[in-house]
Amino acid sequence: MKIDGTRLHDRATEVVLSYYAAFNRGDWAGMLATLGEGVVHDLNQGARESGREAFAAFIERMARHYREQLRDIVVMVSPDGVRAAAEYVVHGEYLLTDPGLPEARGQRYVLPGGAFFEIREGKIERVTNYYNLDHWVAQVGG
């Protein structure tokens with residue numbers, strides 16, 4: 001199959017990969033640029049937040065508490081390009097204690113994770129993240 005960017009499936013794959021490439025570069029503006037204005041963000045084992053501004057605040061909090069790189073990213077997209085899923089492995093370092101979680105002491109962790117996306121008009125409109133919090137807590141010494 002030739003991926004030439006003319007199919008909805010190809011464009012959706014590209015936007016999800018752009019989202020993760022920006023994440024791995026620490027390019028928060030680039031990451032936000034892949035999102036629609038009303039993006040819905042389902043935090044792992046947490047609340048639902050709406051809007052690009054709320055997502056920007058989330059990124060700012062995360063960048064203070066964690067340094068992460070996502071590796072082994074695999075993206076799967078529906079033929080119509082509306083839904084996508086990604087599986088990856090998080091390689092991270094816990095920098096600053098996050099309220100309600102164990103004390104941060106620079107602990108390193110490796111954690112499988114995944115996300116689900118809705119994509120409309122070339123922008124991510126929903127991101128739902130999943131990882132095993134208990135597995136993370138066990139690695140950082142909770």
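Some values worked out for this structure:
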{"item": "Counted residues, segment 34-53 - those being within 25 Å of Glu93 (Cβ to Cβ), of a type in the set (Gly, Ala, Ser) and modelled with pLDDT of 95 or more", "result": "0"}
{"item": "Among (1) within 24 Å of Glu49 (Cβ to Cβ); (2) at pLDDT 95 or above, the one test that Glu93 misses", "result": "(1)"}
{"item": "Verdict on Asn44 being in contact (Cβ under 8 Å) with a residue 24 or more places away in the chain, surrounded by 13 or more Cβ atoms within 10 Å (Cβ to Cβ) and closer than 14 Å to Asn129 by Cβ", "result": "yes"}
{"item": "Residues satisfying the stated conditions in segment 69-88, i.e. farther than 13 Å from Ala115 by Cβ and either aliphatic (A, V, I, L, M) or buried (at least 17 other Cβ atoms within 10 Å of the Cβ) (or both)", "result": "Gly81, Val82"}
{"item": "Residue that is surrounded by the fewest Cβ atoms within 10 Å (Cβ to Cβ) [pool: residues in segment 4-28 that are farther than 13 Å from Ile124 by Cβ and more than 14 Å from the chain's Cα centre (by Cα)]", "result": "Asp4"}
{"item": "Any chance Glu103 is surrounded by 15 or more Cβ atoms within 10 Å (Cβ to Cβ) and of a type in the set (Asp, Glu)", "result": "no"}
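The values are calculated or read from the model by the stated rules, or taken from the named source; none is laboratory data. Note that this is a predicted model, so its numbers are computed, not measured. Here Cβ is always computed from backbone atoms with ideal geometry, including for glycine, and neighbour counts include all displayed protein chains.
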